[in-house]
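Here's the structure, in structure tokens; my notes come after.
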Amino acid sequence: HLVWLGTQSLDLAAMSVFLYCFREREKIMDIFEMVGGQRMMSTYFRPGGLWRDVPVEFEDAVRVFLNYFPTRIQQYEDLLTKNPIYLDRTKGIGVISKEDAIEWGLSGPTGRGSGIEYDIRKVIPYSGYEEYEFDVPVATDGDVYARYEVRMEEFRQSMRIIEQALDKLPY
């Protein structure tokens, strides 16, 4: 979501949002490196399981991130959500009707931005998603702004899932 928001904002002339998003992405990459020894192309997940248990610092690092990240989401929204330039470049632009989204097989935030109330994690849960409570954000306008709204709420729902997963860690 951070790469999407950052690059989408950069494409729409909001360079600060791009820089802010990559600031937070770096924190996440630091956590990846702590867990798997690498920042990208991790070999942490392997057939049959994981490379090793998470290090003892993992939970604290993720909780620190989750504690300050909501203020960062708000910062992004403060810069974009009511910005007249952003609105001019997203509202009514790239409209995809619900019918077209279904016909084209769109899913995820793009489909949900067109009003498709479908998330595979709810319909056919996998990897333990049935154990977590989260909402599926949906918007109906089908434009770039609707997809933005869906993704911004997905930040929050992802944090909800992560918090619940942390609470289930064995001690």
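The values are calculated or read from the model by the stated rules, or taken from the named source; none is laboratory data. Keep in mind it's a predicted model, so treat the numbers as computed, not measured. Cβ atoms come from the backbone with ideal geometry, glycine included; neighbour counts cover every protein chain shown. Just the protein is used for accessible areas: all its heavy atoms, side chains included, with ligands, DNA and RNA removed. Shrake-Rupley method; radii C 1.70, N 1.55, O 1.52, S 1.80 Å.
Quick rundown of the values:
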{"item": "Pairwise label distance in nanometres, LYS98 with GLU117, each label 7 Å out on the Cα-Cβ vector", "result": "0.9"}
{"item": "Length added when fully stretched, ARG89-ARG156, from 0.36 nm per residue minus Cα-Cα", "result": "21.7 nm"}
{"item": "Cut-off 11 Å, label 7 Å out along Cα→Cβ of LEU166, residues of segment 18-59 by amide N", "result": "58-59"}
{"item": "1.4 Å probe accessible area per residue over segment 127-171, in Å²", "result": "53"}
{"item": "Relative packing of 145-152, 30-37, which averages over residues the other C-beta atoms within 10 Å, highest first", "result": "145-152, 30-37"}
{"item": "The chain, accessible surface, carbon-and-sulfur percent (1.4 angstrom probe)", "result": "57"}
{"item": "Helix-only CD estimate at 222 nm, as mean residue ellipticity for the chain, using -39500 (n - 2.57) per DSSP H run (n ≥ 4)", "result": "-18500 deg cm²/dmol"}
{"item": "Per residue, in Å², the accessible surface of segment 13-101 once ligands and nucleic acids are set aside, probe 1.4 Å", "result": "65"}
{"item": "HN-Hα J in Hz across segment 93-108 - Karplus 6.51, -1.76, 1.60, θ = phi - 60°, x for Gly and Pro", "result": "9, x, 5, 10, 5, 4, 5, 5, 4, 5, 4, 7, x, 6, 9, x"}
{"item": "Under 23 Å from the Cα of LYS122 - lysines, other chains or at least 8 residues apart", "result": "LYS98, LYS168"}
{"item": "Relative contact order of the chain, defined on C-alpha pairs under 8 angstrom at six or more residues apart (%)", "result": "17"}
{"item": "Approximate spin-label separation VAL3-MET15, in nm, with each point projected 7 Å along Cα-to-Cβ", "result": "2.3"}
